[in-house]
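Since the structure comes first, as structure tokens, the remarks are kept for the end.
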Amino acid sequence: MRVGRSMTDVIGGTPVVQLQKVVPPGAADVFVKLEWFNPTGSYKDRMALAMIEEAEKRGDLHPGMTVIEYTGGSTGSSLAYVCAVKGYRFRVVSSDAFSPEKLKTMQAFGAELTIVPSDGGRVTPDLIPRMVAVARGYASEPDTYWTNQLSNEDSIVGYRGIGDELLTQLDRPIDVFCAAVGTAGLAMGVSSALSDGGSPARIVIFEPASTPFITEGRAGAHRVEGTGIGFMPPLLDTERYDEARAIDEESGRAMARRLASEEGLLAGTSSGVNAFGAIEIARELGSGHTVVTVACDTGLKYLAGDLFEV
């Protein structure tokens, strides 16, 4: 086990597990990287640390400044945690469309929270732009640094670690890496790392079928937090992925419940979407192949909602 001098020293190095019961016979092997082993229970810890430390290296962020961000929850929790460790004030813009656990976690780390009202608790196409507008107003104030996650390439630096770790953890070639996209930083970072490491893996990205902007060019409302922003993610490089698929949200939610009850893997909605999509690809590839995806965060962040209601 590692010994860290501070809480930011223990980000990454997350384990990988092979799914056993939810993958049908004759399908490819499916592996899941368990990102809830990060300090706030989310893969966004990697992104948050990279955005802060890369800004510090450039001199864009220094002691006494305030960090600004808009977020659906996990990014806010992760930035609040990193800012708490490093001593920065953090102002965050979020919404009641996202889980109460995430909002309370941000505040527990000392974040100053502004809530933008949603339409019935759903992520609608106008919600993220409204959150961005509020954050932009805060960022116009003196001595502030806006991490601006949707356009910040520093996030890709943080997510490369997942790809680098997979190359050393798995003793076999990876045929497909797949994951849902929000900012697209995860897919871009892992794609870059796997390619640089000589892996021939295909990269498949997912989005909720209820808001198929990447696959069909139209946006809609959904409840898969951290995905489906309603427009093309600025960080999404078409040269860095091979295929985009729309995944039925209810199928993903059902898979999240199956992961918990059959595999002992308690994760959130986007992780259910990831697993469902990965298993569909595994069916197509057949035995003798390897599909890898990510459990983005812990299901403990979703217990107040209806995800695990039977």
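The values are calculated or read from the model by the stated rules, or taken from the named source; none is laboratory data. In this text, all values refer to a predicted model and were calculated from it rather than measured experimentally. Glycine also receives a Cβ, built like all others from the backbone with ideal geometry; neighbour counts cover every protein chain displayed. Surface accessibility is based on the protein's heavy atoms, side chains included, excluding ligands, DNA and RNA. Shrake-Rupley method; radii C 1.70, N 1.55, O 1.52, S 1.80 Å.
Projecting the Cα atoms of Gly305, Ser251, Leu150 onto the charge dipole of the chain (Cβ charges, centred on the Cα centre) puts Gly305 farthest toward the positive pole.
Enclosing the Cα atoms of segment 173-293 in their convex hull gives a volume equal to 101 cubic angstrom per residue. What percentage of the solvent-accessible surface of the chain, computed with a 1.4 Å probe over protein heavy atoms, is contributed by carbon and sulfur atoms? Of the solvent-accessible surface of the chain, carbon and sulfur hold 50 percent. When you count the other C-beta atoms within 10 angstrom of each residue and take the mean per peptide, 114-125, 227-238, 179-190, 89-100 line up highest first as 179-190, 89-100, 227-238, 114-125.
Put simply, the Cα atoms of segment 127-181 extend 50, 26, 12 Å along their principal axes, the longest span coming first. Solvent-accessible surface of segment 131-274, taken per residue with a 1.4 Å probe and all protein chains present: 38 Å². Extension gain for Phe231-Asp119 works out to 38.5 nm (0.36 nm per residue, less the C-alpha to C-alpha distance). If the cut-off is 27 Å between C-alpha atoms, which lysines fall inside it for Lys21, apart from same-chain ones fewer than 8 positions away? Filter leaves Lys33, Lys301.
Rank Leu259, Leu19, Leu170 by mean-square fluctuation in a GNM of the chain with C-alpha springs under 10 angstrom and give only the top-ranked residue. Highest fluctuation among the options: Leu170. Around the Cα centre of segment 156-219, unit charges on the Cβ atoms of Lys, Arg, Asp and Glu (plus for the first two, minus for the last two) sum to a dipole of about 140 debye.
Can you tell me what share of the DSSP beta bridges in the chain is antiparallel? A percent to the nearest 5 is fine. Once the DSSP bridges in the chain are tallied, antiparallel ones form about 20 percent.
Calculated on C-alpha atoms, the gyration radius of segment 44-90 divided by its Kirkwood radius gives an Rg/Rh of 0.93. Computed extension gain for Arg58 through Asp248, at 0.36 nm per residue and net of the alpha carbon distance, reaches 64.2 nm. Geometric descriptor of segment 110-246, per residue, is 136 Å³ (volume of the convex hull of the Cα atoms). Remark: relative contact order (segment 179-253) = 40 percent; criterion is Cα-Cα distance under 8 angstrom and separation of 6 or more residues.
Oblate is the label for segment 51-183. Its Cα gyration tensor axes, ordered a ≥ b ≥ c, give a/c of at least 1.5 and b/c at or above a/b.
Hey, if you drop one equal point scatterer on each alpha-carbon of segment 154-199 and run the Debye formula without solvent, what base-10 log of I(q)/I(0) do you get at q = 0.32 Å⁻¹? Log10 of I(q)/I(0), two decimals: -1.23. By how many nm would the segment from Arg172 to Thr215 lengthen if fully extended, with 0.36 nm per residue of separation less the alpha-carbon distance? So the extension gain works out to 12.4 nm.
Taking every pair of distinct Cα atoms and averaging 1/r, then inverting, what Kirkwood hydrodynamic radius in Å comes out for the chain? Evaluated on the chain, it is 19.3 Å.
Taking every C-alpha pair closer than 8 Å and separated by at least 6 residues, the mean separation divided by the residue count of segment 110-195 gives a relative contact order of 28 percent. Here segment 1-117 yields Rg over Rh of 1.07, to two decimals, using C-alpha coordinates and the Kirkwood radius.
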